[in-house]
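Just below is one structure, and these are the notes that go with it.
What follows is calculated from the coordinates using simple rules that are stated; it is not laboratory data. No experiment lies behind these values; they were computed from the predicted model shown. Virtual Cβ from ideal backbone geometry, glycine too; neighbours counted across all protein chains shown.
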């Protein structure tokens, strides 16, 4: 007669309990597109951006020659055009090699600055009396004169080239709303610089002529307009069709 088989224990006391609550849970991580697919070489894009950088540099150089370095480099549009020339030059190099594109936070900011400068010029300064010039001259620049050409390059041709680059050569939906506030830092610093000058370069921000109250009100309205323009630019960037794949 065989011995009875002992019952199987329901629990094994020698094994510790599995800490289900403390077990780390792996979360999905974002993998950049360029980590999977390498950027492609875009020689035509590189050539266009190089030409845009040269055009911007030529406009700045002409204005410096006409107005002098200290005065010319004090204008918002000249400073913005210098930034655009550098960004376009680096972008041309990255499109030629090829390399990853510059961050949209940088390219979007520079695009916003040159467009704002163009809108302010054509909307508020192009038809003022006395006429607006960057050289300080009181006579309006004659058509096809060097000063007229410099104004058109800085406030028309360069911003138009930047907008075309954004629309036709830059992937869409790369800008984000959280970047809009950061884009205001440069215009805010420039407004502070203008308000500390003895005489402003722009008639609507001239403290000796209008007083601090009126000038600060104009500066506030201008700041709100710049922020609204930044939000609009981001919305348009997400609404427009992408001309190229996100991998570039």
Sites residue 71 and residue 105 - FRET efficiency at Förster radius 35 Å, r taken between beta-carbons, to 0.05:
0.70
Relative contact order for the stretch 40-239 using alpha-carbon pairs under 8 Å, separation at least 6, rounded to a whole percent?
23 percent
When you count, for each residue, the other Cβ atoms within 10 Å and take the mean per peptide, how do 101-110, 227-236 rank with the highest first?
101-110, 227-236
Residue span residue 83 to residue 97: 0.36 nm per residue of separation minus Cα-Cα distance leaves a gain in nm of 2.9 nm
Between residue 213 and residue 178, how high is the FRET efficiency from 1/(1 + (r/R0)^6) when r is the Cβ-Cβ distance and R₀ = 30 Å? Nearest 0.05.
0.35
Cα gyration tensor of the stretch 177-248, axes a ≥ b ≥ c as square roots of the eigenvalues: rounded (a/c below 1.5), prolate (a/b > b/c) or oblate?
prolate
Label point at residue 40 placed 7 Å out along Cα→Cβ; residues across the stretch 78-122 whose backbone nitrogen lies under 16 Å:
95-101
Contour minus Cα-Cα distance for residue 235 and residue 168 (0.36 nm per residue):
22.4 nm
